[in-house]
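One structure below.
The values are calculated or read from the model by the stated rules, or taken from the named source; none is laboratory data. Just so we're clear, the structure is a prediction, and the values are computed from it rather than from any experiment. Neighbour counts are summed over all protein chains in view; Cβ atoms, including those assigned to glycine, are modelled from backbone coordinates with ideal geometry.
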Amino acid sequence: MKDKKVYKITFCGIFIAINIVLGIVTSALKAPFYLDTLGTVMTAVMLGPIPGAIVGALTNIITGLIYSVKDIPFLIVNVAVALVVGYAAKKFKFNLVTAIVCGLILSIVCPLIGTPIGILIYGGFTGTISDVIVLALKSSGSSIFAASFIAKVGNNLLDKVGTCLIAYFLITRLPNSLKIHSMEKAR
């Protein structure tokens, strides 16, 4: 029992580190996607929605304390990712179809949550190439919310579907001894 707790805590630490490193790399590259929830998705699938939410929240808190406190409010998005994926993985086998459907759902849910936060903190811009879309839509008469939301949906389609697919492929390639939670349903 104690070994399983240590094992789960270790996984959570690794997945927080994965989130932070991927977030830093994609931000430095000014990529139009984030990959900063891969560890959250993997935790939610393997350990459940609540551990996933903790990993997601801690990712943004740690990043916020190290780099910018402006990252902390986005923990709500990371928690939502964990809850959507974690509950889907509990209810269904986390397979290719579930990964794609979760990614598509998150492509809408995350911008719905993140857009208002992004507008309050950054004026609706992300500092990526997708800001061109925001500016073009804003210039054509769209509200800042609509312009930012539309750009974020595009980013999130690529990011969240991609993240869920990467998580699926990584988890399916783990040795059975490392599979803990809902992946056990797949056997």
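No other residue among LYS70, LYS8 is over 14 Å from the mean Cα position of the chain (by Cα), surrounded by fewer than 22 Cβ atoms within 10 Å (Cβ to Cβ), modelled with pLDDT under 95 and more than 19 Å from LYS152 (Cβ to Cβ) apart from LYS8.
Which residue out of ILE105, ILE133 is aliphatic (A, V, I, L, M) and at pLDDT 95 or above? Result of the check over ILE105, ILE133: ILE105. Close contacts from the range 58-76, counting a first residue that is closer than 20 Å to VAL109 by Cα and of a type in the set (Asp, Glu) and a second that is modelled with pLDDT of 90 or more and assigned to a helix (DSSP H, G or I), with Cβ to Cβ under 6 Å and a gap of 6+ residues or different chains, come to ASP71/ASN60; ASP71/THR63; ASP71/GLY64.
The condition (being among the small types (Gly, Ala, Ser), assigned to a helix (DSSP H, G or I), under 27 Å from GLY48 (Cβ atoms) and in contact (Cβ under 8 Å) with a residue 24 or more places away in the chain) is satisfied by just one residue among GLY154, GLY114: GLY114. Can you give me the number of residues within the range 139-174 that are aliphatic (A, V, I, L, M), out of contact with any Gly (no Cβ under 9 Å at 6 or more places or on another chain) and farther than 16 Å from ALA44 by Cβ? Result for the range 139-174: 4. The residues on offer are ILE108, ILE144, ILE100, ILE133, and the sole one that is crowded, with 16+ Cβ neighbours inside 10 Å, on the phi < 0 side of the Ramachandran plot and in contact (Cβ under 8 Å) with a residue 24 or more places away in the chain is ILE144. On the stretch given as the range 117-135, residues that are not in a helix (DSSP H, G or I) and not β-branched (Val, Ile, Thr) total 5.
Against the numbered list (1) within 25 Å of SER177 (Cα to Cα); (2) touching an Asp or Glu at 6+ places or on another chain (Cβ under 8 Å), THR43 comes up short only at (2).
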